[in-house]
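Reading through the structure tokens given below for one structure.
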Amino acid sequence: MSQRDAERVFAAPWEAKVFALQQSLLDAGVFSATEWAERLGAEIAKDDCRDDAEGTAYFRYWLKALECLIAEKGVASADNLTGLSADWLAAAARTPHGKPIELTLK
Amino acid sequence: MAHRHDTDHGSHMSALEARVRALETVLTEKGYIDPAALDVIIDTYETKIGPRNGAKVVAKAWLDPSYRDALQENATEAIASLGFTGRQGEHMVALENGDGVHNMVVCTLCSCYPWPVLGLPPVWYKSAPYRARAVQDPRGVLADFGIALPEETDIRVWDSTAEIRYLVIPERPDGTEGWSEEQLAALVTRDSMIGTGLALAPEAAGA
């Protein structure tokens, strides 16, 4: 295979995680493949000018599409997700560098 | 909580990472996902599924006329018979190059791609310029990839959807008579199976 085939699948761990979450929800039947493609397409289309030639924005569209679909399907609201993100950032800020960051749900 | 020794420096987490953690937390909490299963999915796509799968399909099609027919007849089944199944490969169509026809695949909507045979799409496949130009100016795109086809070649561009995924079967390079399936597979690049490349010439295989 050529060198170009050897490029990395995910640029960062969070990209891999978003991908795996989407796959799991598809398997669980939370949404269909067609619903996903339509939603992802819509997110990409919305932000099209910011999608650079490098395609670095790609998994950010995945994350947005996933957050929207989850809210739409009544799994978790946008407010719920925003609150949890803030909790994670706060947990990170109080965790000494090098220690695993953990969040205890109230 | 324990007393904080290090009052200045917490750990860094980006806003994106926090959003992903929030998703994972809520989905685990509600029983939609199993965190251990996530790692299995990631490992599969990072190490086990990739264009080498597709290369085996192409090499077999070059060598075995009955397999080639089976691929034309029902690509999903023919590909599954080699053990390549799964997400985004449910409805496969094989597009054979040759006889003055060159096939090229794009997803203008997002990034639909035949994962079981090619893995996850490369960065350029997902980019706006490729998605737009593949349809409007396929020859220009091919030129960017260093491919110049004869004037009279009919270039057909196929737009993938959530329902149908395409695998291009490139032309078998000359000078490969008597080659084994494994040797042939080494000539089949990912790009040649998307249609933005050709199979490598025998000299390029470094065999």
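The values are calculated or read from the model by the stated rules, or taken from the named source; none is laboratory data. In this text, all values refer to a predicted model and were calculated from it rather than measured experimentally. Quick reminder, even Gly has a Cβ in these numbers, built from the backbone with ideal geometry, and neighbours come from all protein chains shown. Surface areas here come from the heavy atoms of the whole protein model, side chains and all, with no ligands, DNA or RNA. Shrake-Rupley method; radii C 1.70, N 1.55, O 1.52, S 1.80 Å.
Points worth noting:
- Options B:56, B:30; residue that is more than 30 Å from residue A:74 (Cα to Cα) and open to solvent by 90 Å² or more (accessible area, probe 1.4 Å): B:56
- Here residue A:31 qualifies as under 22 Å from residue B:32 (Cα atoms) and either at pLDDT 95 or above or assigned to a loop (DSSP other than H, G, I, E, B) (or both).
- Among the residues of the range A:35-59, those that are open to solvent by 50 Å² or more (accessible area, probe 1.4 Å), at pLDDT below 90 and not aliphatic (A, V, I, L, M) comprise A:46, A:48, A:49, A:50, A:52, A:54, A:56.
- Flag: residue A:103 does not match the condition of being at the interface with chain B (Cβ under 9 Å from one of its Cβ atoms) and open to solvent by 60 Å² or more (accessible area, probe 1.4 Å).
- Any hit, the range B:78-86, residues being surrounded by fewer than 18 Cβ atoms within 10 Å (Cβ to Cβ), more than 27 Å from residue A:36 (Cβ to Cβ) and out of contact with any Pro (no Cβ under 9 Å at 6 or more places or on another chain): yes
- Meets criteria (modelled with pLDDT under 95 and more than 25 Å from residue A:33 (Cα to Cα)) for residue B:151: yes
- Residue satisfying all of: in the range B:171-194; in a loop (DSSP other than H, G, I, E, B) and within 13 Å of chain A (Cβ to nearest Cβ); surrounded by the most Cβ atoms within 10 Å (Cβ to Cβ) among these: B:188
- Tallying residues that are outside any loop (DSSP other than H, G, I, E, B) and of a type in the set (Gly, Ala, Ser) within the range A:7-28 yields 3.
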